[in-house]
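Beneath this line is the structure, given in structure tokens, with notes to follow.
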Amino acid sequence: MNKKRLLSCIIAASSLLGAYAQPHTFDVNTKKVGAAVQPTMYGIFFEDINYAADGGLYGELVKNRSFEFPDALMGWKAFGKFEVKNDGPFERCPHYVVLNYSGHNDTATGLQNEGYFGIGIEKDEEYRFTVWAKTVSGDANVEVSLVDESTMEEHQEFATAELKVSGNEWKKYELILKSPKTVQKANLRLLLKGKNGVALEHVSLFPKHTFKDRENGMRRDLAQALYDLHPGVFRFPGGCIVEGSSLDQRYQWKNSIGPVENRPLNGNRWLSTFNYRLFPDYYQSYGLGFYEYFLLSEDIGAEPLPVLNVGMACQFQNHNDPSAHVAVKDLQPYIQDCLDLIEFANGDVNTTWGKKRAEMGHPAPFNLKFLAVGNEQWDDLYYERLRPFVKAIKAKYPNIKLIGTSGPDSEGEMFEKGWKAMKELKADLVDEHFYRDEHWFLSHGLRYEGYDRKGPKVFAGEYACHGKGKKWNHFETSLYEAAFMTDLERNADVVDMATYAPLFAHVDGWQWRPDMIWYDNTRMFKSISYYVQQMYACNKGTNVLPLTMNGKSVAGQEGQDGLFASAVVDKKKGEIIVKVANTSDKAQDVTLNLNGLKGSRSATATTLQSDNMDAENTLDNPNLIRPVETTATCVSKKNMTVLNDKLPAKSFRMYKIK
Ligand code: AHR
């Protein structure tokens, strides 16, 4: 190499190095307040998958409490002289069990329930046992106990009470059991005492202390975790269970309201979806039904967003076979379900369905504003069915915002076709789903910049980063979700809602992962993705602020140098909030110029970080990775406020400036 060439190489290299060493500059224009961030922006998606409802959020601890599973005694051990009958007091749940004296003093008659992967019992907690019962001959006695089968001791019972049943009319009985210890996998045992038989129906056990102490309520720790997310919207009840494997298994909201004892059992399509995760005892009791969903929305401060069936069974499972779905001409009952649901939620107490809501304990309307029709449907089969729904619902309830779906693809021909159809049908929002890998999340930093601002709004209704080859909640995927979400935030003028999915998973009963919150029978942990969602949801601000990165209008499709960012102002709290994800593997100097602000100010920096990309929170180490808050300093410089920082490699940091 000649001298001249060498010199120019050195100059080029040093200027490159110089540029490299420059801090990345984020300019935030605090005076140019942009689009409003919708209160619904970050929400939650609930589906009874992974034992999220029965065996999860729903507080009931007894499995198959009404003996309605196809195998009436599934979940139960029955011993001695017993009989299953089907002329019980509840029309839609007719089965019950009769226990009779076995004729031998040393042979017990009874029933024992295994719960969902055992029954989780906590020390010093009280449990409400209820049962519908009647005598068969004279007054009868039943010993009700919590037992710990893991001990081989003679006395496995650790909480016991005596139930006295009198009269041959069905009545509801109640007992309180208090536990002296914590047992992860207890059973509920019922033993007939004496010679008089007894009939038992709807055998139930709830922690007395549920979320908000509601009877038929929610598991406290799990519901509290939802509350702590401050979700703006609560989508329920799914997911594919809205469709069912076949239409007779679709979620029917009308079956999920009224007295719990008379809510018919439904199958759960996640029972055998994956042959490596088979759960033959996975059914839907509907104990957590639409009334409870609305109530929970209210309790956690989220807008309810029910999803109803559009007359279609799961298209995946039916190979898109048209005959699996209701003919367009026969859709009226499905359309009526939507209209009736709106009346159930919002109608006056004198209306047919508003009256039912009032009878269940909530005379005030639930103030429903959104309704989705169809979960994850695609192609003309869907569009031609959705049309009459839109027409009928908009005619009667023009203010209800209707949500259609662009189907399971995150882009491509069918996705485009879906969006086009939703525009033509004038859906208010379009539900997009994207369970994609690391590369996708990192390369979609500008997904929403190009969206039509005049069309329907976006509801990113199901998404999560699924790591290639390791589909669980490790740090890396959560970091990429955080990076991607800057794009949701910058485009709050077109994105109205986003809900990570799925929400819950029982460690012994999952079918799908990653999931946001995991639990066993007594413990839970929040995934790192939970904390990402929480950082966004609790700090969504009220309006977007324009942000440039190194003088360019936005972050770039793949960020700049692995950096992704967004900025909002919270006008109510008087805060500027800037979120930055550093997805690169080097620490990076950043300068945050807050144009329009003056003087030095106090600030905080909240960080999610790990050096181990595979690190994850677990039941045994639930707090391994969680946001850590420190103070930051903003100085006054050239007539504006400036924050200088070094962003750790692979980190997500949120600055809050007063
Ligand atoms: O979230 C799990 C499933 O993913 C949902 O049931 C369905 O809508 C999607 O395919």
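So here's what we get for this one:
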| read-out | value |
| --- | --- |
| All positions within region 362-379 that are more than 16 Å from the ligand (Cβ to nearest atom) and in contact (Cβ under 8 Å) with a residue 12 or more places away in the chain | HIS362, PRO363, PRO365, PHE366, ASN367, LEU368, LYS369, PHE370, LEU371 |
| Residue within region 440-456 that is of a type in the set (A, V, I, L, M), at pLDDT below 95 and in a loop (DSSP other than H, G, I, E, B) present | yes |
| GLY347 being open to solvent by less than 50 Å² (accessible area, probe 1.4 Å), in the same structural domain as VAL307 (by TED's automatic domain parsing), free of Cβ contacts under 8 Å to residues at least 60 places away in the same chain and within 28 Å of the chain's Cα centre (by Cα) | yes |
| Any strands (runs of 3 or more DSSP E) falling wholly within region 467-552 and containing at least 3 residues that are closer than 28 Å to ARG219 by Cα and within 16 Å of the ligand (Cβ to nearest atom) | 495-500, 504-506 |
| Unique residue being more than 22 Å from ASP520 (Cβ to Cβ), within 16 Å of the ligand (Cβ to nearest atom), of a type in the set (Gly, Ala, Ser) and surrounded by 17 or more Cβ atoms within 10 Å (Cβ to Cβ) when the list is GLY110, GLY43, GLY80 | GLY43 |
| Count of residues meeting criterion [within 11 Å of the ligand (Cβ to nearest atom) and of a type in the set (A, V, I, L, M, F, W, C)] in region 227-241 | 2 |
| Tabulated pairs, region 53-66, first more than 14 Å from VAL131 (Cα to Cα), second among the hydroxyl-bearing types (Ser, Thr, Tyr), C-beta under 6 angstrom, 6+ apart or interchain | ASP54/SER285; GLY55/TYR116; GLY59/THR210 |
| GLY88 crowded, with 20+ Cβ neighbours inside 10 Å and on the phi > 0 side of the Ramachandran plot | no |
| Residue selected from region 553-574 under the condition in contact with a strand residue (DSSP E or B) (Cβ under 8 Å, 6 or more places away or on another chain) and part of a loop (DSSP other than H, G, I, E, B), by the criterion most open to solvent (accessible area, probe 1.4 Å) | LYS571 |
| Residue list for region 589-607, filter: part of a strand (DSSP E or B) and open to solvent by 10 Å² or more (accessible area, probe 1.4 Å) | ASP589, THR591, ASN593, ASN595, ARG601, SER602, THR604, THR606, THR607 |
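The rows are residues; the columns are (1) free of Cβ contacts under 8 Å to residues at least 24 places away in the same chain; (2) surrounded by fewer than 24 Cβ atoms within 10 Å (Cβ to Cβ); (3) assigned by TED's automatic domain parsing to the domain that holds ASP409; (4) not charged (D, E, K, R).
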{"site": "VAL458", "(1), (2), (3), (4)": "no, yes, yes, yes"}
{"site": "GLU462", "(1), (2), (3), (4)": "no, no, yes, no"}
{"site": "CYS465", "(1), (2), (3), (4)": "no, no, yes, yes"}
{"site": "LYS470", "(1), (2), (3), (4)": "no, yes, yes, no"}
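Condition check ((1) without any contact (Cβ under 8 Å) to a residue 24 or more places away in the chain; (2) of a type outside the set (A, V, I, L, M, F, W, C); (3) over 30 Å from SER323 (Cβ atoms); (4) within 16 Å of the ligand (Cβ to nearest atom)) across all residues:
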residue: HIS202; (1), (2), (3), (4): no, yes, yes, no
residue: LEU205; (1), (2), (3), (4): no, no, yes, no
residue: HIS209; (1), (2), (3), (4): no, yes, yes, no
residue: ASN216; (1), (2), (3), (4): no, yes, yes, no
residue: ALA225; (1), (2), (3), (4): no, no, yes, no
residue: GLU243; (1), (2), (3), (4): no, yes, no, yes
residue: ARG263; (1), (2), (3), (4): no, yes, no, no
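The values are calculated or read from the model by the stated rules, or taken from the named source; none is laboratory data. These numbers come from a predicted model, not from an experiment. Heads up, the Cβs are rebuilt from the backbone with ideal geometry, glycines too, and the neighbour counts pull from every protein chain shown. Accessible surface areas use protein heavy atoms only, side chains included; no ligands, DNA or RNA. Shrake-Rupley method; radii C 1.70, N 1.55, O 1.52, S 1.80 Å.
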